[in-house]
Amino acid sequence: MKISYYKIFLCGIIAFTPLISFTPSNAYVFSCDDVRFIFARGSGSSLGADDESAWRTSLDKMFRGTKLKYGFYELGATEQNGHKYPAAAVNGSASGFLNLIGAAIGGGDSFTYGDSVDEGVAELQNYIEKTSKACPYTKFVVGGYSQGAQVVSKAISKSLIPADNLIYAATFGDPKIYLPEGIPRQGTVPEACLGQNLSNYRVYAPNCRDYDGILGSHRPYEPHQYHDKVGVWCHNDDIMCSMKSNLDDHLSYVSDNLYLHASYIIANKVAEAFPAETISGASTNIKTNQDTVIMFDTTDSMASMIDSYKEEALKLARETFAKGGHVALVEYRDLHDPFIPVVHCNLDTCTLHDFEYKLAGLQAYGGGDSPESYLSCVYYALNHLNWHQGANKTIIGISDAGFHDPDRNGVTKEMVIARTLEIDPVNLYVITPETGEYTEITTATNGAVFSSADEYSTSTQYILERPIAILKNASYYGLAGDTLTFDASSSTASTTINHYEWDLDFDGEFETSSTNPIITHTYSSPISGIMQVKVVDNQGYSSTMSANVVIAENPEAPATISDIVAEPTDDNTYRVKFTTQNTEKTLVSLNDTILGFTNENDLTISNIEYLSELTLIPYSNSDTRGTSNTINLGVSPRPAKINFSSLNIDPNLSDTNISITGSTSIVRAPNSGKK
């Protein structure tokens, strides 16, 4: 189900009039925000579109109920000293550039995209500087998607945002991403694939070969003054930032909850900057990332105990929601009962009210033989629920009996265990008097079996307060003889991490233990599988994280382009020829404007009015991007539209639009921004 987001803009204007002893009855006394959240949308998107709404909603959830004063601004909402970000469309639609082009290409609008980015950078710089003059103690968090991400990364790369005023900058699907650890090396694999020398700002980039965006890169991506203040999110096969060419992955940052994932990280950054303002209850942690699925057996034999189990399930749901987590409710019965699993409340949209209502409606009915259809229900939940990136993931099965193996559709215990590991992983817990039946499957997934609701009630803390295990890489790739580095140093715990356990040979057993969160291992021959790390705190609570490992015999031959020749055929038309190897298709861009894919090696480029840069990007048969090549076309330089080094910041702040919830007009209050 798609989430709808709603956005309200309520703006006021700071009036720089002499302070007087009374406030007009229709005025709102202005108090500067602690934090202003700024977002830049993607190409062709309207203001308040899904990505901005997801950004705003996720962050609002983190800080709602705290003492933090915060507000939101979207680039393009108002003009800032003559600059207003248009988020210019690419080829008229989000998917236009994926259509294969022929041999004749028009380059007349090739500067539109770059001008749009520059307008966004100029508006961002003006807005931050003007707001800072009005509110010198306000800090900023900036984010951007696609073209908007390029706006953010260009501003950071050019050091146009005062580092002292910036808490964090997050980019999503940036076509100018730069991850030097992913750069291919002759005859071997990138350092990132070995888990080595990972960028400090690499938050979510599961493809270890990612290094440049589709339009090149901003370098440096994180200048030294912004250390630990930048984070990148590049979806698995996102055509804009990864080494693959999947458009769906570029369009699914909202549906795959990556803005929500970012909000947990941003919340901790803000909490470090404003600890007093972000206290919620007795804890300084804003929210914790938890996915808790409660799975009920409702066969007739559960009638005598279902009510007591409902009480415990509701307690767990309340605690999970209170910590900022997500809950789902799933019902199942017997293999021989004509009843397939039902998701009554899913992880994306379930509220406490929804959960309580659906839980109350569960009734014990039907069934067949003694074992139940537990395995097929777990497998269904694993494959159909929208699990959240970075969350501690838990399925709690509640039943009075054992399970069929194999189950419906041939699902086996081994299939369920393997699938839990693929989802980074999911830990399985069961409440049942038949404890022996479930010991193997819960042990293999770092879960536990509880014999009664009373015992389970005392173990809720174990589930919700266990550490969050994090691996720097989601996947690893190497050649036989390579040494891989596994890094779990980003893992967190509410107390102190005691030690780390490692399964490096993919057999499900944690054969190695260390107090160091970083460990290396050499693979002497080709092998593939899923490695795991178990993070154990000083209370004995633990969680696991997994990653896919592939050790190959030989590296894949890359797609290449060479021997590019450009010949003018008239004043503004060029014929471009080039040679390819191991290449299925070539992506063509001109001055950062993507023109499309082609299967041709002989192109005619027209309408070249100014000096322009043509970029050719090869993709292999396995849909992996090779190294791009560029060539200049045209002669006369294009006049610069914006000079970022000498922007004229208007000292008159009367057009510094500030969004204030519920305000109709604003009068500046004495010392409003001072702590």
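Looking at region 136-166 only, could you name the residues that are closer than 27 Å to S255 by Cα and outside any helix (DSSP H, G or I)?
F140, V141, V142, G143, G144, Y145, S146
Given the conditions (1) buried (at least 22 other Cβ atoms within 10 Å of the Cβ); (2) in contact with a His (Cβ under 8 Å, 6 or more places away or on another chain), which single one is not true for G478?
Among (1) buried (at least 22 other Cβ atoms within 10 Å of the Cβ); (2) in contact with a His (Cβ under 8 Å, 6 or more places away or on another chain), the lone unmet condition for G478 is (2).
State whether one or more residues within region 89-101 are touching a Leu at 6+ places or on another chain (Cβ under 9 Å), outside the structural domain of I617 (by TED's automatic domain parsing) and farther than 30 Å from T586 by Cβ.
No, region 89-101 has no match at all.
Could you check region 214-258 and list, in sequence order, the residues that are of a type in the set (A, V, I, L, M) and crowded, with 19+ Cβ neighbours inside 10 Å?
I214, L215, V230, V232, I239, M240, M243, L251, V254, L258
Among the residues of region 480-500, count how many are in a strand (DSSP E or B), within 10 Å of I519 (Cα to Cα) and of a type outside the set (V, I, T).
Final tally of qualifying residues: 4.
Yes or no: E319 closer than 29 Å to V254 by Cβ, charged (D, E, K, R) and assigned to a helix (DSSP H, G or I)? So that I can check it myself, show each step before the final result.
Working: closer than 29 Å to V254 by Cβ: yes; charged (D, E, K, R): yes; assigned to a helix (DSSP H, G or I): yes.
For E319, the condition - closer than 29 Å to V254 by Cβ, charged (D, E, K, R) and assigned to a helix (DSSP H, G or I) - is met.
If L160 passes every condition in (1) in contact (Cβ under 8 Å) with a residue 12 or more places away in the chain; (2) surrounded by fewer than 19 Cβ atoms within 10 Å (Cβ to Cβ); (3) farther than 13 Å from H218 by Cβ but one, which one does it miss?
(3)
Each row is one residue, and each column tells you yes or no for (1) in a loop (DSSP other than H, G, I, E, B); (2) farther than 24 Å from I396 by Cβ; (3) in contact (Cβ under 8 Å) with a residue 24 or more places away in the chain.
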| residue | (1), (2), (3) |
| --- | --- |
| R466 | yes, no, yes |
| N473 | yes, yes, yes |
| G478 | no, yes, yes |
| M545 | no, no, yes |
| V549 | no, yes, yes |
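Against the conditions (1) on the phi < 0 side of the Ramachandran plot; (2) in contact with a Gly (Cβ under 9 Å, 6 or more places away or on another chain); (3) modelled with pLDDT under 95, where does N607 fall short? Just the number, please.
In the conditions (1) on the phi < 0 side of the Ramachandran plot; (2) in contact with a Gly (Cβ under 9 Å, 6 or more places away or on another chain); (3) modelled with pLDDT under 95, N607 misses (1) alone.
Any residue that is surrounded by fewer than 18 Cβ atoms within 10 Å (Cβ to Cβ), among the aliphatic types (A, V, I, L, M) and either out of contact with any Lys or Arg (no Cβ under 8 Å at 6 or more places or on another chain) or closer than 21 Å to N289 by Cα (or both) - is there at least one of those in region 426-449?
No, region 426-449 contains no residue that is surrounded by fewer than 18 Cβ atoms within 10 Å (Cβ to Cβ), among the aliphatic types (A, V, I, L, M) and either out of contact with any Lys or Arg (no Cβ under 8 Å at 6 or more places or on another chain) or closer than 21 Å to N289 by Cα (or both).
Here are A303, A322, A360, A328: which of them is touching a strand residue (DSSP E or B) at 6+ places or on another chain (Cβ under 9 Å) and of a type in the set (G, A, S)?
Result: A328 is the single residue among A303, A322, A360, A328 that is touching a strand residue (DSSP E or B) at 6+ places or on another chain (Cβ under 9 Å) and of a type in the set (G, A, S).
Of G148, G106, G187, which residue is modelled with pLDDT under 95 and in contact with a strand residue (DSSP E or B) (Cβ under 7 Å, 6 or more places away or on another chain)?
When all the criteria are applied, what remains is G106.
Considering only residues of region 181-213 that are under 22 Å from D487 (Cα atoms) and of a type in the set (D, E), which is surrounded by the most Cβ atoms within 10 Å (Cβ to Cβ)?
Restricting to residues being under 22 Å from D487 (Cα atoms) and of a type in the set (D, E), the top hit is D210.
Given S514, S543, S524, which one is within 20 Å of N427 (Cβ to Cβ) and either among the small types (G, A, S) or outside the structural domain of E440 (by TED's automatic domain parsing) (or both)?
Working: S514 fails: within 20 Å of N427 (Cβ to Cβ); S524 fails: within 20 Å of N427 (Cβ to Cβ).
Result: S543 is the single residue among S514, S543, S524 that is within 20 Å of N427 (Cβ to Cβ) and either among the small types (G, A, S) or outside the structural domain of E440 (by TED's automatic domain parsing) (or both).
Would you check if E356 is out of contact with any Gly (no Cβ under 6 Å at 6 or more places or on another chain), more than 23 Å from I441 (Cβ to Cβ) and at pLDDT below 95?
Judged against the criteria, E356 is not a match.
What number of residues within region 167-226 satisfy the criterion of being part of a strand (DSSP E or B) and among the acidic types (D, E)?
Looking only at that region, the number is 1.
The values are calculated or read from the model by the stated rules, or taken from the named source; none is laboratory data. In this text, all values refer to a predicted model and were calculated from it rather than measured experimentally. Please note: Cβ atoms are built from the backbone with ideal geometry, for glycine as well, and neighbour counts cover all protein chains shown.
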